[in-house]
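First comes the structure, then the notes that go with it.
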Amino acid sequence: MTLPASSRFSFAPDLGICRVLNGMWQVSGAHGPIDAERAIVAMFAYHDAGFTSWDLADHYGPAEDLIGRFRRRFAEQRGAEHLGEIQAFTKWVPPPGPMSRQNVEQAIAVSLRRMGVDRLDLLQFHWWDYQDRRYLDALKHLADLRQEGRIRHLALTNFDTERLATICEHGIPIVSNQVQYSLIDRRPDARMAAFCQEHDITLLTYGTLLGGLLSEKYLGHPEPGRGELTTASLQKYKNMIDAWGGWALFQELLAALKPIADKHGVGIATIGARYVLDRPAVAGVIIGARLGIAEHIADNARVFDVALDADDLAMIEPVLAPSRDLMRLIGDCGGEYRR
Ligand SMILES: NC(=O)c1ccc[n+]([C@@H]2O[C@H](COP(=O)([O-])OP(=O)(O)OC[C@H]3O[C@@H](n4cnc5c(N)ncnc54)[C@H](OP(=O)(O)O)[C@@H]3O)[C@@H](O)[C@H]2O)c1
């Protein structure tokens, strides 16, 4: 299987990505135990299908090490000259503390070593507390490391529009912000997407499939109790559904999506991913992959075959209308992570 040309996106002049990125939170241990060897075999399968872009973080268990192992195996089997076909986007999520040049440099050095690269393709920076303005210190040092060649591009995750604007005002070059964005969480529509478009910044999205809840598996399903939600991801997004409007409204959404999915000959998840891919400023949708446990390669490839039309969107909107306003409830993008 090869993906169509429409699967690719020029994320930066020197960096192309697949618009469906493989999310590696699912290897952290909170989504079932991962066997490293099976995971590496699965990574080749994703890559060879055209899913060449990976989203990970310093704190996703062995994710950075798995990228390192995958790259080593890839170089042995296919030649080091082909390593540029892999894009691996990591994050730095520091605990609050002083953001000296030395601290920042040390953190980046750990990721470089674990991933087995001389330069990080993308470093996405997270910050817990906006009252603590040292995020600007950290970003200035990261921008310097970018100038020095240790980071190719600098990005953010879970920053709101106000702080993204502050960061831009400080002249720090940001290429993307990674945020939650799905049919039920459309907060980026409110302010973030327009700001990004004005400033040539793109969005990478997570939570788009609600950890798997946005699928036939849960259509007509009684409200799952905590014991049934066996991954951290399912628990997280069940909470989002509760905040958004509850299980009964979510069932209405799944029921509205089903005929649209049938019309296009795909699954409900594919409709959810396509919807977000079509939103302004969105460069890519990250879909979590439980490497070596479960895979949805063929289904997720269908995202690039689907074009949602006005009739489809007209069927979705009325179901979303009675939901709660998450901007008011949680705040702008990333509000759920602020202390
Ligand atoms: N920046 C942040 O704060 C943040 C937060 C959360 C996540 N993320 C990133 O986003 C990634 C995505 O993770 P997520 O937690 O948001 O989960 P998600 O992508 O919404 O859901 C992933 C799950 O959806 C199911 N799935 C995938 N394709 C499917 C298909 N075609 N049909 C039906 N089900 C399908 C799979 O479940 P099964 O495995 O059970 O089959 C998979 O584990 C993470 O790995 C991480 O890289 C970032």
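The values are calculated or read from the model by the stated rules, or taken from the named source; none is laboratory data. Note that the coordinates shown come from a computational prediction; the quantities given were computed from them, not determined experimentally. Don't worry about glycine lacking a Cβ; one is built from the backbone with ideal geometry, like all the others, and counts go over all protein chains shown. Heads up: the accessible areas ignore ligands, DNA and RNA and are worked out on the full protein's heavy atoms, side chains in. Shrake-Rupley method; radii C 1.70, N 1.55, O 1.52, S 1.80 Å.
Tabulated values for the structure
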item	result
Top-ranked residue in region 262-301 [being assigned to a helix (DSSP H, G or I), free of Cβ contacts under 8 Å to residues at least 40 places away in the same chain and more than 9 Å from the ligand (Cβ to nearest atom); ranked as most open to solvent (accessible area, probe 1.4 Å)]	Asp262
Region 312-335 - residue that is part of a helix (DSSP H, G or I) and of a type outside the set (A, V, I, L, M) and, of those, least open to solvent (accessible area, probe 1.4 Å)	Asp312
Which numbered condition His153 misses (of (1) in a helix (DSSP H, G or I); (2) buried (at least 18 other Cβ atoms within 10 Å of the Cβ))	(1)
Looking only at region 22-42, and only at residues there that are in contact with a Gly (Cβ under 9 Å, 6 or more places away or on another chain) and more than 12 Å from the ligand (Cβ to nearest atom), the one that is modelled with the lowest pLDDT	Gly29
Hits in region 169-213 - residues which are within 11 Å of the ligand (Cβ to nearest atom) and among the aromatic types (Phe, Trp, Tyr)	Tyr181, Tyr206
Residue in region 223-239 that is under 29 Å from Phe9 (Cβ atoms), at pLDDT 95 or above, in contact with a strand residue (DSSP E or B) (Cβ under 9 Å, 6 or more places away or on another chain) and open to solvent by 20 Å² or more (accessible area, probe 1.4 Å) present	yes
Contacts under 8 angstrom Cβ, first residue in region 110-136 being closer than 16 Å to Trp54 by Cα, partner open to solvent by less than 10 Å² (accessible area, probe 1.4 Å) and of a type in the set (Asp, Glu), 6 or more apart	Ser111/Glu64; Arg114/Glu64; Met115/Glu64
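Per-residue answers, yes or no, for (1) outside any helix (DSSP H, G or I); (2) open to solvent by less than 60 Å² (accessible area, probe 1.4 Å); (3) of a type in the set (Ser, Thr, Tyr):
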| position | (1), (2), (3) |
| --- | --- |
| Tyr46 | no, yes, yes |
| Tyr60 | yes, yes, yes |
| Met99 | yes, yes, no |
| Gln102 | no, no, no |
| Ile108 | no, yes, no |
